[in-house]
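Below you'll find the structure, written out as structure tokens, and then a few comments.
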């Protein structure tokens, strides 16, 4: 049987390839707006439609305990193929705003069989060192999320359709890798029956509930930040006309650097504890939100970009740790459903924060808009603090 050490790189590559579907439209948003005569508000709606599709997908997967009743690698493969198909549909001519929304919704729906299922597969292979393993896995998600921005910069001489096709091909490749080389893990315990009450009853578990609420606070901030990184950079260049920032490439690095912090936080969690590192990362990202109005005033673009790079690191560093704490608080046969329902609620929260930021960008002083992102981390820190006090942080 293939060893866990050999399996982890395959899971990481598969996750990276398939999660590139997530922000495929964000990397080419200006091209979509021009090609299909969309309004500027299309960015938030297209992003939110992916999130909404993911929410409905994860809710469906959780209610029917798909991840715990069926071979997760096969679920991952079929969802990768279907996600790639609906992503590729963006290149068709005569699209309307509604058809684009529909394609992004369906892509998000099948991402529900990729991201949480990938974490479920990792928990089936790793009992000890789960935080470190999920650090690599979420790091792959981060790189996949950032990839469309890099492709936008690299493929400047090509049609935006080339970027979409490239991402779909990568997703198919990632799905095939998982299907062919990742069998059921040694720690997998399949659920024997359908239990649609499970995704509600698990919240009675106190340790699960505290980890989940910390994750929800983190999610309020994360995807809104990722969505608006190019907008934040554009706002800064408008405020400081002498600045010269390659928005696509800089956006890639600001998001992608989070992959390093995920890996680092995973290693630190093995030595210091997942609770303490998650709390610290959430606190630091909260501070980044709170000082954002002041940072827009800084004339030196290098300081501003360094600040965003740091924010890009701490905004995601706690994600694999909260997922680790969720997985460790639930018995093995229910881990897939637990991870999926937490993802479902977390991503539902992202829609609210994305839409609020989008509307505030058009109605209020821009320098203060991103203070709203601090709400999630503050609430997450409050609900998670009791668990931390027990760890004597």
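The values are calculated or read from the model by the stated rules, or taken from the named source; none is laboratory data. Note that the coordinates shown come from a computational prediction; the quantities given were computed from them, not determined experimentally. Every residue, glycine among them, receives a Cβ derived from its backbone with ideal geometry; neighbour counts consider all protein chains shown.
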Unique match (being crowded, with 17+ Cβ neighbours inside 10 Å, free of Cβ contacts under 8 Å to residues at least 40 places away in the same chain and either closer than 30 Å to residue 306 by Cα or touching a helix residue (DSSP H, G or I) at 6+ places or on another chain (Cβ under 6 Å) (or both)) among 288, 262
288
All-but-one check, residue 132 against (1) farther than 20 Å from residue 67 by Cβ; (2) not in a helix (DSSP H, G or I), failing number (2)
So, restricting to helices (runs of 4 or more DSSP H) that lie completely within the range 8-120, which ones have at least 2 residues that are in contact with a helix residue (DSSP H, G or I) (Cβ under 9 Å, 6 or more places away or on another chain) and free of Cβ contacts under 8 Å to residues at least 60 places away in the same chain?
29-36, 42-63, 72-88, 97-111
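Condition first: modelled with pLDDT of 90 or more and buried (at least 20 other Cβ atoms within 10 Å of the Cβ). Now tell me which residues in the range 56-66 satisfy that.
Result: 57, single match.
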For the range 7-44, the count of residues that are modelled with pLDDT of 80 or more and under 30 Å from residue 120 (Cβ atoms) equals 19
Among the candidates 200, 158, 173, residue that is out of contact with any strand residue (DSSP E or B) (no Cβ under 6 Å at 6 or more places or on another chain), at pLDDT below 90, part of a helix (DSSP H, G or I) and surrounded by fewer than 18 Cβ atoms within 10 Å (Cβ to Cβ):
200
Exactly one condition in (1) under 24 Å from residue 23 (Cβ atoms); (2) free of Cβ contacts under 8 Å to residues at least 60 places away in the same chain is false for residue 272; which is it?
(1)
For residue 166, only one of the following conditions fails: (1) surrounded by 17 or more Cβ atoms within 10 Å (Cβ to Cβ); (2) over 14 Å from residue 14 (Cα atoms); (3) in contact (Cβ under 8 Å) with a residue 60 or more places away in the chain. What is its number?
(3)
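Residue by residue, here is whether (1) within 25 Å of residue 297 (Cα to Cα); (2) modelled with pLDDT of 95 or more; (3) touching a strand residue (DSSP E or B) at 6+ places or on another chain (Cβ under 8 Å); (4) surrounded by 14 or more Cβ atoms within 10 Å (Cβ to Cβ) holds:
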{"residue": "352", "(1), (2), (3), (4)": "no, no, no, yes"}
{"residue": "356", "(1), (2), (3), (4)": "yes, no, no, yes"}
{"residue": "364", "(1), (2), (3), (4)": "yes, no, no, no"}
{"residue": "368", "(1), (2), (3), (4)": "yes, no, no, no"}
{"residue": "374", "(1), (2), (3), (4)": "yes, yes, no, yes"}
{"residue": "380", "(1), (2), (3), (4)": "no, no, no, yes"}
{"residue": "387", "(1), (2), (3), (4)": "no, no, no, yes"}
{"residue": "390", "(1), (2), (3), (4)": "no, no, no, no"}
Index of the failed condition, residue 69 passing every other in (1) over 21 Å from residue 26 (Cα atoms); (2) over 17 Å from the mean Cα position of the chain (by Cα); (3) at pLDDT 90 or above
(3)
Collect the residues in the range 294-303 that are under 24 Å from residue 377 (Cα atoms) and touching a helix residue (DSSP H, G or I) at 6+ places or on another chain (Cβ under 6 Å), keeping them in residue-number order.
295, 296
Is it true that residue 135 is modelled with pLDDT under 90, crowded, with 18+ Cβ neighbours inside 10 Å and closer than 18 Å to residue 123 by Cβ?
no
